[in-house]
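The values are calculated or read from the model by the stated rules, or taken from the named source; none is laboratory data. Predicted model, so just to flag it, every value in this text is computed and none were measured. No Cβ is skipped: glycine too gets one built from the backbone with ideal geometry, and neighbour counts run over all protein chains shown. The area values use the complete protein model at the heavy-atom level, side chains included, leaving out ligands, DNA and RNA. Shrake-Rupley method; radii C 1.70, N 1.55, O 1.52, S 1.80 Å.
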Amino acid sequence: MKPAHSAKPAKLLPLLPLLAVLIAGCSALQPANVPVAAVYRLDTVASIPAPDKAIGNPPASILIGNIRAAAGFDSNRMLFMRQPHRVEEFQQSQWQKPPAAMLMPLVTSALESSGLFKVVLQAPSALQTTYRLDLEIRNLQQDFTSTPSRVHFVLRAHLSDNQNQQITAWREFDVNIATPTEDAYGGVLASNQAVTQALQQLTAFCAEQLGTLKGKQP
């Protein structure tokens, strides 16, 4: 005759699968062991020189509209390509903010130091300005399909005359910069050089258009 207590462990056997599910569920709620991302920001690598056409005591003012970004470039993800048409993102590196948000103060500073405008404002603003500048980031990614890898930065600009509510000119600035190292940080350094070059071209574009518009005035 078996001892009376020998049947108790057998009663627990059907509960073992349930306990396993509960333990697994609790472990799933724990934070994953993901490395902390390195966070980078866009910046200029040098001061933006004033264009040759800058004049003293400029009469015009300008409003920088909200800077947009094409689909895929409107987040803080850092993008790259290893194969044509295939876009990937760095898993342990990201931008501090979406590039469009980081670009706004850089554009403002470049236009303020250009000497082209009496006042430079950022949207939203209720104040009336002579001109409005709308910008869109069309591309910002690191391309590993060549060696060294390169950063491709494309910025599109539309300049509008607020007096007649018409676009007076637009231009696309396309900059490619080789990276000093084959990693995300090398891409950041190249991105900052690309932004600097694009802003130099942007201020030259504004100077050119202001000179053209001034020449059309009666």
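PRO105: within 17 Å of the chain's Cα centre (by Cα), under 18 Å from GLN201 (Cα atoms) and modelled with pLDDT of 95 or more, yes or no?
Against the criterion (within 17 Å of the chain's Cα centre (by Cα), under 18 Å from GLN201 (Cα atoms) and modelled with pLDDT of 95 or more), PRO105 qualifies.
What about ALA110, is it open to solvent by less than 70 Å² (accessible area, probe 1.4 Å), modelled with pLDDT of 95 or more and farther than 30 Å from GLN83 by Cα?
In short, yes.
Taking THR203, is it in contact with a helix residue (DSSP H, G or I) (Cβ under 7 Å, 6 or more places away or on another chain) and either of a type in the set (Phe, Trp, Tyr) or part of a strand (DSSP E or B) (or both)?
no
Out of segment 65-81, which residues are open to solvent by less than 40 Å² (accessible area, probe 1.4 Å), on the phi < 0 side of the Ramachandran plot and out of contact with any helix residue (DSSP H, G or I) (no Cβ under 8 Å at 6 or more places or on another chain)?
GLY65, ALA70, SER75, LEU79, MET81 - these are the residues of segment 65-81 that are open to solvent by less than 40 Å² (accessible area, probe 1.4 Å), on the phi < 0 side of the Ramachandran plot and out of contact with any helix residue (DSSP H, G or I) (no Cβ under 8 Å at 6 or more places or on another chain).
Mind checking which pairs have a first residue in segment 132-149 that is in a strand (DSSP E or B) and a second that is of a type in the set (S, T, N, Q) and buried (at least 17 other Cβ atoms within 10 Å of the Cβ), Cβ under 9 Å, 6 or more apart or different chains?
So the pair list comes out as ARG132/SER160; LEU133/SER160; ASP134/SER160; LEU140/SER191; GLN142/SER149; GLN142/THR179; GLN142/SER191; ASP143/SER149.
Within segment 23-69, how many residues turn out to be within 20 Å of the chain's Cα centre (by Cα), at pLDDT 85 or above and assigned to a loop (DSSP other than H, G, I, E, B)?
Final tally of qualifying residues: 8.
Kindly provide the set of residues from segment 82-107 that are outside any strand (DSSP E or B), surrounded by fewer than 20 Cβ atoms within 10 Å (Cβ to Cβ) and not aliphatic (A, V, I, L, M), ordered by number.
Scanning segment 82-107 gives PRO84, HIS85, GLN96, LYS97, PRO98, PRO105.
Condition first: surrounded by 15 or more Cβ atoms within 10 Å (Cβ to Cβ), within 21 Å of PRO99 (Cβ to Cβ) and of a type in the set (D, E, K, R). Now tell me which residues in segment 156-173 satisfy that.
If the condition is that a residue be surrounded by 15 or more Cβ atoms within 10 Å (Cβ to Cβ), within 21 Å of PRO99 (Cβ to Cβ) and of a type in the set (D, E, K, R), then ARG156, ARG171 are the ones that fit.
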